[in-house]
Amino acid sequence: MDKGGNPHWTIEPFWFNRLVMIKRNTEDAIIEAARALFARFGFKRTAVEQIAKQAQVSKATLYSYYSSKEALFAEVVRREAKSMFAEVSLAVEKAPPEDRIRTLIETHYQALIARINPGDTTAAVLGEILPLAFQAAEDLVAQGLELTESLVRQGCEAGIFHCEDPAAAARALQFALRSMDMTFVAMAEDRACFHQGYQELLDLLIAGLQHNPSPPTTLEAGANR
């Protein structure tokens, strides 16, 4: 009993831990089933009944964890995006300062490719789920922008990059990265060609950041007056 004389119910640590483990295992099974089915069939063509069946839980159990298919999709995306962001951040941290922007973009695509099985995920499915994924992971997209801006600023401070507005440069890089994501969708079945194209674009982006415009000559300065 507690100090007021009321019964004080406790759960033995073993049973409590067991319940937590069961709940976690069930949720992980639901997430894994949803991830596999969304990747194979897309969002619209995946039914909650399919996810529950593959996760070996009842539909009611699934809804006790997630109120809707949209909520479940958002959680799948959040977990994948969080995992990718951790991989990218770790790789960037280990890279030398002059290679960090390149490492950020290359690791992003390595992580994306590792999560897509071309035998299961078609370009049409990718074209549907990627825009939805961007919406569902807006907070992590914002974190990615913050990371990119910090890397551009560090590069400018170290004399590696030359740009007047690091924030604008970071937004441009993120826009280019988003565009390349959609290009990846269109070229999902020809990864060699995509790899060559994005490497060429990456070289251009890095060269643009490294470009140090020379001051105008006396003649040019006079002509602009």
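Computed values, structure above
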| quantity | calculated |
| --- | --- |
| Boolean, Ala137 is at pLDDT 95 or above and not assigned by TED's automatic domain parsing to the domain that holds Glu32 | no |
| Lys69 basic (Lys, Arg) and out of contact with any Phe, Trp or Tyr (no Cβ under 9 Å at 6 or more places or on another chain) | no |
| Top-ranked residue in segment 129-155 [being more than 16 Å from the chain's Cα centre (by Cα) and crowded, with 17+ Cβ neighbours inside 10 Å; ranked as farthest from Ile206 (Cα to Cα)] | Glu149 |
| Segments classed as helices (runs of 4 or more DSSP H), wholly inside segment 112-191, with at least 1 members that are over 24 Å from Ser89 (Cβ atoms) and touching a residue at least 40 places away in the same chain (Cβ under 8 Å) | 123-136, 166-186 |
| From the options Thr107, Thr103, Thr121, residue that is in the same structural domain as Ile160 (by TED's automatic domain parsing), modelled with pLDDT under 90 and crowded, with 16+ Cβ neighbours inside 10 Å | Thr121 |
| Residue satisfying all of: in segment 150-165; of a type outside the set (A, V, I, L, M) and in contact with a Leu (Cβ under 9 Å, 6 or more places away or on another chain); modelled with the lowest pLDDT among these | Cys163 |
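The values are calculated or read from the model by the stated rules, or taken from the named source; none is laboratory data. What you see is a predicted model; the values in this text were computed from it and never measured. Cβ atoms come from the backbone with ideal geometry, glycine included; neighbour counts cover every protein chain shown.
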